[in-house]
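The values are calculated or read from the model by the stated rules, or taken from the named source; none is laboratory data. Everything numeric here is computed off the predicted structure, so don't read it as measured data. Don't worry about glycine lacking a Cβ; one is built from the backbone with ideal geometry, like all the others, and counts go over all protein chains shown. Note: accessible area is taken over every heavy atom of the protein model, side chains too, but ligands, DNA and RNA are not part of it. Shrake-Rupley method; radii C 1.70, N 1.55, O 1.52, S 1.80 Å.
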Amino acid sequence: MKKGLAIVLAAATALTFAPVSTLGLQGVVEAQAADVTTLANWTTAGTANYADDTQTFTVDSTKTGASQTFKLHVKNDGANALTNLAVNTNSIAGLTATVPTEAKTLAKDAEADITFTVAANAAKKTSTAVTVTSTVSGGSSYTYTFNLVITNAKKEADEAAAFAAAAEKISGVDSNVYIQRSTGSSVTIKPSYVTENGRENNASNYKFTVQNTISDLSEVTTVPVADLTLTGGAGKVNIDSASTGSVKLTVDKSAQLDATKTASAYLVAYKLNSSNGNYTPVAYNSITINPYAVESDLVLSDKYNSGVSVIIDKKTPSSILDNAEVYDRTTGKKVTNLSSATASIAFSNKAIASIDNNGYLEGKMLGSEDATITAAYKDASNVTFIATKTLRVNVISNSSSVIKVTADGSKDAANLGTSDAPIRLNVKTNKTFDLSKYVYVSDPANTTIAYKSDNNKNTVSDAGVVNATAAVDQFIVTVQAKDKKTGIVLASTDVYFRVNALPDDVLAVSGGSIAVGATVLSDTDYKYTSSASVMPIASTTEETLAASQIHYVQLDVTGNETSAIQKDLKVTSANGAKLSYDIVARNSTGITFDAISQAGVLTISRPTAANPQGVAVIKVVSSATANSEVTTSYFYVVIDRADPNVDSMFEAAYNLGTDAGATDPKGYQSDIEFKKNGYTVKSKFLKKSDDKTAAQNLYNLDSVESFRQTLTNSLAANTNTGVVGIANVEGKTEHVLVSVTNGYGTAYKLITITSVPGVHNYVTKIEDATNNKTVYTPDMGTAIPELILDGNTTLKVTIAYSIDKNGTTSDINSTSLYNGSDPLNQNIITRSKENVKKGDTYNTFYLYPTSQGTQRVYVHPSGNISASDHSITYNDDVTLALTYRANTKPSKVTGLKVANKKGAKVSVSFDAASNHNMKYWVQKKIGKKVAGKSVASNKATLSVKKGATVKVRVKAYYYDNEGNKHVGAYSAWKTLKTDKK
């Protein structure tokens, strides 16, 4: 090797190099080889380099954020001085070299450093040669070469991380963007939020564009709006403009798109840098632009068509696309023979749920939000149909509910208020309907019920009460079950109503042997009656009807008839409507319901059995009149032997008193007795499970609950007689089914017994009717009143509650008189025996003496308040000690006065007797002629001749209870000269 300039490279970072020669490279240059050898790359002019390879070194200009330096150490170990030492940087941008003055001429054994500087953030540079040259005295030229690479490694790593973090940070958009393939068609992408630095910001703060590619997040002076080229030469899509909050894509006018080709692109959000007016991309989403031929509407199945509910962190149990249909939006026609759909979803606000390609929805966060479901279908020609549907998505924390409106509010009963059988209301006679009584919801603990009418004149309250004010053929009340925590609608159902301006027609049916006629059922009542339409023919037919409180027309058929039977059912309309008839259900044995004429005459075949039976339902349609709507009604007809008229034997409803604390058997009032002389009577309580009345009448639904009875005869099963005593629970209703048989047929009647607060009847006052003096009141204490009375003294007894004078049977007295221990003069008193009509009530009666003597008397009210009101449970006794002495003679009348009176009359007055209810004999004498008159008061008027002299006298008298007359003495005569005028 020719000695001259020796160079040694050494790394100042991880590697340490021992100088092999006397030249070293120091600083921030990072060696790219594991070992650095001597680099004596000096050559003479025109000759090849010496043997060592050129080395390559790399500098990251972005690593520290500031300029970086390294030095080349040079030592002349040759014999001659080196001159003109220089560096050629090969125009590497951002690289400078500084050769110190003392190094430009380097004497033998002298050393110097050449300083290289790489500017901060210098542009990237690939491997480029840097040369150091020098001249040796004598004219030889020497060169040293090394390669330098400048990188932006740290900046690029930071940008790559930011770029990755910005991916899919735009929300409220779908990854599939669909645009119609026709030239000029467009679509606007309008995001909701952009996530920047971990925070959601409103999309209106950003400009958006769509780009085919995006390589970094470098700041730009303007937001790019370059046209998009779709793959496969499918055409171009123009970006109309980079708009704030949205971006609009339009098919280029040069050619329509290929519907089978798609384009991958990026939706990019740019943020304005207010300091310099430039824009920085901060977020982007990968999107696919899908050209398509047909915009369509998606119609989901009934299960999801009005909305979908899903539990958070759970998926819908089935795909919402199951049984969905696609309709061409342009033609309105249904599209068939489509392949499976690919589903996507876009929410109006936050994405509370996601959807997979198969259409299964999964809850992400609690809430309720509108979303657009998009399903991409393809037909046999590979044309894409993009079908969309906007619906409400509910994400809830508990399971979904079932809500139904049924005839009796139970899960399995028939639906109430269907479109073909709406609930009928009337603006005059039947305006309201309490819908809440008929709602069934599967999860009442976690749901609330809401009601909404689609008619602003016919409304529904928050409590579910419908109020009809305007006639309409149909309006709908939607009943919803809402989640208590979120208010989200879990389930809903529609109830249909019809409102008439005029009332329905009212029919009466009297053409059978049941005197009260038939129960005429409305169209709604009949369809939801538990026993409607189908009924077995058996001995229980009439019992079943009675248990449902349905009266029926009974036709008496013995089985001995020799020809067909015709029976006029005598149906009359309250409004004179024209009636049409039809038999809509029938069942019979030994006989046949043939037909019914439009005059209401039923034809029945000749019986073929000795005891024929049958039941039929007759439908009657009333025509519209000036006072009524077209009305559909139903009633039952039963064929059987003659039955007794049970309706006249017992009341339809009874009140039964409740008093669990009373124990005195003598005070007990035996309240309700089911028996009738000459008939076989049976009765039984109906269990709630057997009681049909709960669903019998939609407008009068009662919850029938049993109460515990004290019975003299058990009514749990049929018994020949039944007596119901005191009820133990107030406010409950029980039904008793009573049957009466007269030897031919059996009739049934459902009787309602309601338990009410029991009352005690008792004597409130006893008076001496002669002078109205009170001899007893309850506050006189427990001592037995001892009364000494004249033989004609009547006692007036007043009781607390008015009672039926005849009671509920033929012989219930209003008092009971018990003889005491005194053996003398028994039965010295009797009760009044007024002639009264059944059903009259009273709260006073009289006790009359029958003979003289002393007796202990128990005054004991008994009876019921009325034939149906049996709320009296106990009757309290009052004991009296009575002594009736001999009847006294009336006293002599005093204070007699006689005066003239206009019109040939005189007026007579006197003092009344004070100790008896007396009558008076007034006697007059004119000349020798004597006449008299009986009066009940102490005044009288007598006719006389004008100018005559008249004498007048008066005596008192009375009749005792035995009919004996007792007369007092006459008063003295009183004489008066009458006027002549």
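Residue-by-condition table, conditions (1) open to solvent by less than 30 Å² (accessible area, probe 1.4 Å); (2) on the phi < 0 side of the Ramachandran plot; (3) in a loop (DSSP other than H, G, I, E, B):
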| site | (1), (2), (3) |
| --- | --- |
| 317 | no, yes, yes |
| 321 | yes, yes, yes |
| 327 | no, yes, no |
| 343 | yes, yes, no |
| 365 | no, yes, yes |
| 377 | yes, yes, no |
| 393 | yes, yes, no |
| 413 | yes, yes, yes |
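Scanning segment 602-612 for residues that are closer than 19 Å to residue 568 by Cα and open to solvent by 40 Å² or more (accessible area, probe 1.4 Å) yields one hit, 606. All conditions but one from (1) under 23 Å from residue 275 (Cβ atoms); (2) touching a strand residue (DSSP E or B) at 6+ places or on another chain (Cβ under 7 Å); (3) open to solvent by 30 Å² or more (accessible area, probe 1.4 Å) apply to residue 223; the one that does not is (3).
Checked against (1) open to solvent by 50 Å² or more (accessible area, probe 1.4 Å); (2) within 24 Å of residue 254 (Cβ to Cβ), residue 190 passes all but a single condition, namely (2). Applying the criterion of being among the small types (Gly, Ala, Ser) and within 18 Å of residue 154 (Cα to Cα) to the residues of segment 111-125, the residue that is least open to solvent (accessible area, probe 1.4 Å) is 122. Report yes if some residue within segment 801-815 is closer than 17 Å to residue 878 by Cβ and at pLDDT 70 or above; otherwise report no. Looking through segment 801-815, at least one residue is closer than 17 Å to residue 878 by Cβ and at pLDDT 70 or above.
As a summary of the residue check, residue 302 satisfies the conditions (1) free of Cβ contacts under 8 Å to residues at least 12 places away in the same chain; (2) surrounded by 19 or more Cβ atoms within 10 Å (Cβ to Cβ) except for the one numbered (2). Does residue 309 qualify as being polar (S, T, N, Q), open to solvent by 20 Å² or more (accessible area, probe 1.4 Å), closer than 30 Å to residue 447 by Cα and not in a loop (DSSP other than H, G, I, E, B)? In short, yes. Among the residues of segment 252-273, those identified as surrounded by fewer than 17 Cβ atoms within 10 Å (Cβ to Cβ), hydroxyl-bearing (Ser, Thr, Tyr) and farther than 22 Å from residue 164 by Cβ are 254, 260. Of all residues in segment 145-176, exactly one satisfies the criterion of being in contact with a Pro (Cβ under 9 Å, 6 or more places away or on another chain), among the β-branched types (Val, Ile, Thr) and in a strand (DSSP E or B), namely 170.
Number of residues in segment 63-110 that are more than 17 Å from residue 145 (Cα to Cα) and not in a strand (DSSP E or B): the value is 22.
For segment 742-776, how many residues meet the condition of being assigned to a loop (DSSP other than H, G, I, E, B) and either surrounded by 15 or more Cβ atoms within 10 Å (Cβ to Cβ) or in contact with a helix residue (DSSP H, G or I) (Cβ under 8 Å, 6 or more places away or on another chain) (or both)? Let's see the steps before the verdict.
Looking only at segment 742-776, we keep the residues that are assigned to a loop (DSSP other than H, G, I, E, B), and these are 742-745, 758, 762, 769-772.
So of that shortlist, the ones also either surrounded by 15 or more Cβ atoms within 10 Å (Cβ to Cβ) or in contact with a helix residue (DSSP H, G or I) (Cβ under 8 Å, 6 or more places away or on another chain) (or both) come out as 742, 745, 758, 762, 769-770.
Total satisfying the criteria: 6.
Take the conditions (1) at pLDDT below 80; (2) over 22 Å from residue 605 (Cβ atoms); (3) crowded, with 18+ Cβ neighbours inside 10 Å; residue 502 misses just one of them, which is (1).
Can you tell me which residue among 276, 349 is closer than 26 Å to residue 199 by Cα, polar (S, T, N, Q), modelled with pLDDT under 85 and open to solvent by 50 Å² or more (accessible area, probe 1.4 Å)?
Values: 276 fails: modelled with pLDDT under 85.
Checking each option against the conditions leaves just 349.
Screening residue 620 against (1) under 30 Å from residue 734 (Cα atoms); (2) modelled with pLDDT of 85 or more leaves a single unmet condition, (1).
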